[in-house]
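Worksheet: the structure to be examined is printed underneath.
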Amino acid sequence: MYPTLLDLAIFGYIAATGLSLAYLVQREEWLHRLASVATIAGWVLHTVALLGVAFRLGRPPLGSLSEAVSVAVWVAVLWALWAERQYGVKVLGAFVLPVVLVFGINSATTRPLAIPGIERALGSAWIWVHIGLVLLGIAAFVLNFAGALMYVLQERQLKAKRPGKLYYRLPDLETLDRLTYRTLALGFPFLTTGLILGVLWAGRAWGSVFAYDPLALLSFVAWTIYAGTLAGRAAAGWHGRRAAYFAIIGFAALVLTLGAGMFLPGRHGS
Amino acid sequence: MALFVAGLSHKNAPVELREQLAVEEDKLRELLRDIAATGVVQETLILSTCNRVEVYGVAEAPGEARAVVFRQLCRYRGVSHASVEPLLYTHVDDAAVHHAFRVAASLDSMLIGEPQILGQVKDAFALAQGCETVGPALHTLFTQAFAVGKKVRSETEIARHAVSVSFAAVELAKKIFAGLGGRAVLLVGAGKMGELAARHLVEQGAFPIYVANRTWQRAQEMARALSGAAVPFAELEVALAGVDIVITSTGAPEPIVTRAMVQRVMHGRRARPLFFIDIAVPRDVEGSANTLDNVYCYDIDDLKQVVEANLRERLREAQRAEVLVEREVAKFLARQGDVEVIPTIVSLRERLEEIRVGEVKKALARLPGATAETREAIEGLSSAIVNKILHAPISKLRESSRAGSSRSWLELVHELFGLGRK
């Protein structure tokens, strides 16, 4: 029953992605309305599916990396719906949803429901907080990435002085820069606190912080990139293109991190 | 009775002729009354702009009406009817509706999407209304045409993208900055075109405005005209540091803003974007400044290129608008058709309801001991029978009206059900 719901949610996201991309190419208001409906429907189904899993397992659906990614996707969609209205960026879906979809499908297809020994590891309440904070951070960085990508595309059009289709569809640079900055400022504290908790917990439980865990190592790389971007923004007044490139690189590192966690042997379970 | 439109436009008539035929408001009133007085048209409206002279009307014989109207109009304007007649086009019924919608939606305009035409159609309508030459047919047609015009403007981007260089610059600024309110503008040089671009920016809320010019006197004059402040030409670099948008239009033979200068300026701006609108020929800003981060430098050729792209985008949108208009025409005609058959449908229902109520009353009179349940059953039964009987003729009527063949069906229904005169 519950996997079916999750499949339906994914199906909703697939439809929403297609419609959003179509809206990017063809400015038809009904496409946008349908995309919104599909997104919300997918999200609601996703919510029910997650609640179902939580009730069945008697714990938050964060017991494995793929479960956690699924929740991160859920948060990202919610934030994307909010940001679209807040910033009036109607094409946001076309940039967020494909990413959401890739993560969502991944988390739905690599679904180990019970990792041996997970119950013991999850005994500590701190581990839940660690997972929860990190995935809130990841959700914010999905938006950060989408904003940066839009910025780079629009900036290119303006520099090249040959307006293409995207020039007309994408919003102004300042709005995109603001979206990128805000999502960075939102995601970074979550990621930082989450990682610190993870490090503390790992030190106690595993003995060594980064012992044989590619995810932990790579997450530190991603964090460093984001920390550098934030520092550059706040102190050196980086704006625009440079900040956008860093946001994209940071997100690439984040994706690698999660990929490593899912596909390489390590302590975050694969 | 047929709805028609007859006239000429920029598509087929030269400007000299259109000029000669254009009628001013006062004369238009007179003309409308004269035409109404001839009795060839039941309703009429004249749309006279610099790009078209068209007569909309309802007449028994549109061809004859067209001849009468234009002969009258030519007499008014002292133009020979013979030179006008071959240029006239006429659209009747469905085609007239289609034409009216396209005109109101600015799809028939010389510059597709230009916004004035809708206002001009509205004025023409108000004028004809004032002269009492608008009846129900033109009223329904034009009210709907206004709605279609508005819909096309809001649902397509036909009128969105600037087709003049100065407006294109404003739009570019809006793709760099989130709104132009409170953006500081520096105008370098005191040319007409630069002033125009500056005015557009001011209209969008840009503030404050600084003016620099080689002659201090001229800078002050221009500053006063734009409610801005003059700044010394020698301190151009200082001024650059504090503004967001720079318009340059001097006659200088060499660039007055160099890449090195912009680089220095950008250093102190903490990456705040700087947008150069360089409409001077030869250019005032070194083109290579565009390669600097957060600097956007558009010269007159770049702006023209943007305008061309905008025009192409408008044409793409116009295709979507055509589809939308066609859909609206179909809807309008369907509704019109229904309007024609609705009175018959209503009287048909009334007639059968009358019979039903009468028969039920008689039946109940013969059943003095009937319970509430029985009464209810009889009411229900009779209503159901009436509705079932009505279903087929009503849908047939609606269908036929949409197919344009309602007349014979209307007569048939009246005859069969004894509905009396239509």
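The values are calculated or read from the model by the stated rules, or taken from the named source; none is laboratory data. All values derive from a computational prediction rather than experimental measurement. Note that each Cβ is placed from the backbone with ideal geometry, even for glycine, and that neighbours are counted across all protein chains shown. Note: areas computed on protein heavy atoms with side chains; ligands, DNA, RNA excluded. Shrake-Rupley method; radii C 1.70, N 1.55, O 1.52, S 1.80 Å.
Is there a residue being within 14 Å of chain A (Cβ to nearest Cβ) and modelled with pLDDT of 85 or more anywhere in region B:324-345?
Yes, that holds for at least one residue.
Of everything in region B:1-41, what is more than 25 Å from the chain's Cα centre (by Cα), buried (at least 16 other Cβ atoms within 10 Å of the Cβ) and closer than 22 Å to residue B:122 by Cβ? Give them in sequence order.
B:31, B:35, B:36, B:41 - these are the residues of region B:1-41 that are more than 25 Å from the chain's Cα centre (by Cα), buried (at least 16 other Cβ atoms within 10 Å of the Cβ) and closer than 22 Å to residue B:122 by Cβ.
Could you grab me the full set of residues in region B:149-160 that are assigned to a loop (DSSP other than H, G, I, E, B), open to solvent by 10 Å² or more (accessible area, probe 1.4 Å) and closer than 16 Å to residue A:169 by Cβ?
B:160
Restrict the check to region B:219-231 and report whether at least one residue is touching a residue at least 40 places away in the same chain (Cβ under 8 Å) and either assigned by TED's automatic domain parsing to the domain that holds residue B:300 or open to solvent by 20 Å² or more (accessible area, probe 1.4 Å) (or both).
Taking region B:219-231 as the starting set, the residues that turn out to be touching a residue at least 40 places away in the same chain (Cβ under 8 Å) are B:228, B:231.
From what's left, either assigned by TED's automatic domain parsing to the domain that holds residue B:300 or open to solvent by 20 Å² or more (accessible area, probe 1.4 Å) (or both): B:228, B:231.
There is at least one residue in region B:219-231 that is touching a residue at least 40 places away in the same chain (Cβ under 8 Å) and either assigned by TED's automatic domain parsing to the domain that holds residue B:300 or open to solvent by 20 Å² or more (accessible area, probe 1.4 Å) (or both).
Read through the list (1) open to solvent by less than 80 Å² (accessible area, probe 1.4 Å); (2) in a helix (DSSP H, G or I); (3) touching a Leu at 6+ places or on another chain (Cβ under 9 Å); (4) not acidic (Asp, Glu), then give the number of the only condition that residue B:357 fails.
Every condition holds for residue B:357 apart from (3).
Kindly indicate whether residue A:180 is within 14 Å of chain B (Cβ to nearest Cβ) and hydroxyl-bearing (Ser, Thr, Tyr).
Numbers: within 14 Å of chain B (Cβ to nearest Cβ): yes; hydroxyl-bearing (Ser, Thr, Tyr): yes.
When the stated conditions are applied, residue A:180 passes them.
From the list B:410, B:419, B:367, which one is part of a loop (DSSP other than H, G, I, E, B) and in contact (Cβ under 8 Å) with a residue 60 or more places away in the chain? Show your work before the answer.
Numbers: B:410 fails: part of a loop (DSSP other than H, G, I, E, B); B:367 fails: in contact (Cβ under 8 Å) with a residue 60 or more places away in the chain.
Being part of a loop (DSSP other than H, G, I, E, B) and in contact (Cβ under 8 Å) with a residue 60 or more places away in the chain holds for just one of B:410, B:419, B:367, which is B:419.
If I go through region A:244-258 residue by residue, how many of them are within 24 Å of residue B:273 (Cα to Cα) and either of a type in the set (Val, Ile, Thr) or at pLDDT below 90 (or both)?
Qualifying residue count for the region: 2.
Output the residue which, of all residues in region A:1-37 that are within 12 Å of residue A:100 (Cβ to Cβ) and not polar (S, T, N, Q), is most open to solvent (accessible area, probe 1.4 Å). Quick ask: steps written out before the conclusion?
Of all residues in region A:1-37, those within 12 Å of residue A:100 (Cβ to Cβ) come to A:9-10, A:12-14, A:16-17, A:20.
This time we only want the ones that are not polar (S, T, N, Q), so: A:9-10, A:12-14, A:16.
Working: A:9: 1, A:10: 22, A:12: 12, A:13: 3, A:14: 76, A:16: 0 Å².
It comes out as A:14.
Provide a single number: the residues in region A:121-151 that are assigned to a helix (DSSP H, G or I) and either small (Gly, Ala, Ser) or surrounded by fewer than 18 Cβ atoms within 10 Å (Cβ to Cβ) (or both).
Going through region A:121-151 one residue at a time, the tally reaches 12.
Name every residue in region B:259-287 that is farther than 23 Å from residue A:237 by Cβ and open to solvent by less than 50 Å² (accessible area, probe 1.4 Å), in order of residue number.
Scanning region B:259-287 gives B:277, B:278, B:279, B:280, B:284, B:285, B:287.
Within region B:253-287, count every residue that is over 21 Å from residue B:209 (Cβ atoms) and either in a loop (DSSP other than H, G, I, E, B) or of a type in the set (Phe, Trp, Tyr) (or both).
Residues meeting the conditions: 11.
Listed residues B:178, B:169, B:198, B:223; which is part of a helix (DSSP H, G or I) and within 14 Å of chain A (Cβ to nearest Cβ)?
After ruling out the rest, the residue left standing is B:169.
List every residue pair whose Cβ atoms sit under 6 Å apart, with the two residues 6 or more apart in sequence or on different chains, where the first one lies in region A:216-239 and is within 14 Å of chain B (Cβ to nearest Cβ) and the second, anywhere, is open to solvent by 60 Å² or more (accessible area, probe 1.4 Å) and not in a helix (DSSP H, G or I).
Pairs that qualify, where the first residue is within 14 Å of chain B (Cβ to nearest Cβ) and the partner is open to solvent by 60 Å² or more (accessible area, probe 1.4 Å) and not in a helix (DSSP H, G or I), are A:237/B:270.
Criterion first (out of contact with any His (no Cβ under 9 Å at 6 or more places or on another chain) and assigned to a loop (DSSP other than H, G, I, E, B)) does residue B:23 satisfy it?
Here the answer is yes, as residue B:23 does meet what is asked.
Quick check: anything in region B:296-310 buried (at least 22 other Cβ atoms within 10 Å of the Cβ), of a type in the set (Ser, Thr, Tyr), modelled with pLDDT of 90 or more and not in a helix (DSSP H, G or I)?
yes
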